[in-house]
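A.B. asks: First the structure, then my questions, so here it is.
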Amino acid sequence: MLAPRGTERYCRWNVKSPFIRALRLRCPHCGGGPIFVTWSRLVPNCPVCGLGLERGEEGYWLGAYFFNLMAVETVFTVWVVGFLALTWPSPPWDLFQITTVLLMAVTPFLFFPFSKTLFLAFDLMVRPVSEEDFRVPHEEARRHGVRPPRGPSATP
Ligand SMILES: [Zn+2]
């Protein structure tokens, strides 16, 4: 199916930009922020567009945990293949074991906020925003010291 004339650039931008925003730990919908209170804790709503960051379902962040697991497994695979390729035929196994355990302990913690924003970007791609995503009360966001949302979609 062909995209309507003139929308190719829009479509391409629309797919990439939420993930770029997510990698910058910003709201995948608008690029606003900050959306993290701590390294692992999100504000309930984007302070700029008002998007509810937990999109309504119980266990919503299970997908983020899956993204985190994929990242850890990717790092593990690249580490094992890279280390063994560089040190073969006599890899230092003790060093390999210690560094692998440390890497596997640190990577999930470091990637945790990215897994949340990347999952949110993926979810926004699969399930585009609706009016309901902006209906979540914003009082809790204000309690976290975040500015109230603005713009046409920021209805209280
Ligand atoms: Zn936003």
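What follows is calculated from the coordinates using simple rules that are stated; it is not laboratory data. Here the structure is a predicted model, which means the values were calculated and not measured. Note that we place each Cβ from the backbone using ideal geometry, even for glycine, and neighbour counts take in every protein chain shown.
A.B. asks: Report the FRET efficiency, 1/(1 + (r/R0)^6), for residue 135 and residue 17, where r is their Cβ-Cβ distance and R0 is 35 Å, rounded to 0.05.
C.D. replies: With a Förster radius of 35 Å, E is 0.90.
A.B. asks: Calculate, in nm to one decimal, what residue 103 and residue 39 gain on full extension: separation in residues at 0.36 nm each, minus their alpha carbon distance.
C.D. replies: Value of the extension gain: 21.2 nm.
A.B. asks: Measuring from label point to label point, each 7 Å out along Cα→Cβ, what is the residue 58 to residue 126 span in nm?
C.D. replies: Taking the simple label geometry, residue 58 and residue 126 are separated by 2.0 nm.
A.B. asks: Mark the label point 7 Å from the Cα of residue 25 along Cα→Cβ and return the residues of the stretch 105-125 whose backbone N is within less than 18 Å of it.
C.D. replies: Inside the label zone: 106-121.
A.B. asks: Now a separate question. Whole percent per 5 Å bin, from 0 to the bin with the longest distance: what is P(r) over all C-alpha pairs of the stretch 15-143?
C.D. replies: With 5 Å bins starting at 0, P(r) equals 2, 10, 18, 19, 15, 10, 8, 7, 5, 3, 2, 1, 0.
A.B. asks: Under a 5 Å amide H to amide H cut-off, with H placed in plane at 1.01 Å, what residues pair with residue 53 once short-range neighbours are removed?
C.D. replies: 45, 46
A.B. asks: For a quick check: with amide H placed at 1.01 Å from N, whose amide H comes under 5 Å from residue 36's, ignoring anything fewer than 5 positions away on the same chain?
C.D. replies: Counting only residues 5 or more places away or on other chains, the set is 43.
A.B. asks: In whole Hz and in residue order, list the ³J(HN,Hα) couplings for the stretch 84-96 that follow from phi through the Karplus curve 6.51 cos²θ - 1.76 cosθ + 1.60, θ = phi - 60°; x for Gly and Pro.
C.D. replies: 3J(HN,Hα) across the stretch 84-96, in whole Hz: 5, 5, 7, 10, 5, x, 10, x, x, 5, 4, 4, 4.
A.B. asks: Sum up the charges of everything whose Cβ sits under 14 Å from the Cβ of residue 117, counting Lys and Arg as +1 and Asp and Glu as -1, but leave residue 117 out.
C.D. replies: Summing Lys and Arg as +1 and Asp and Glu as -1 gives +4.
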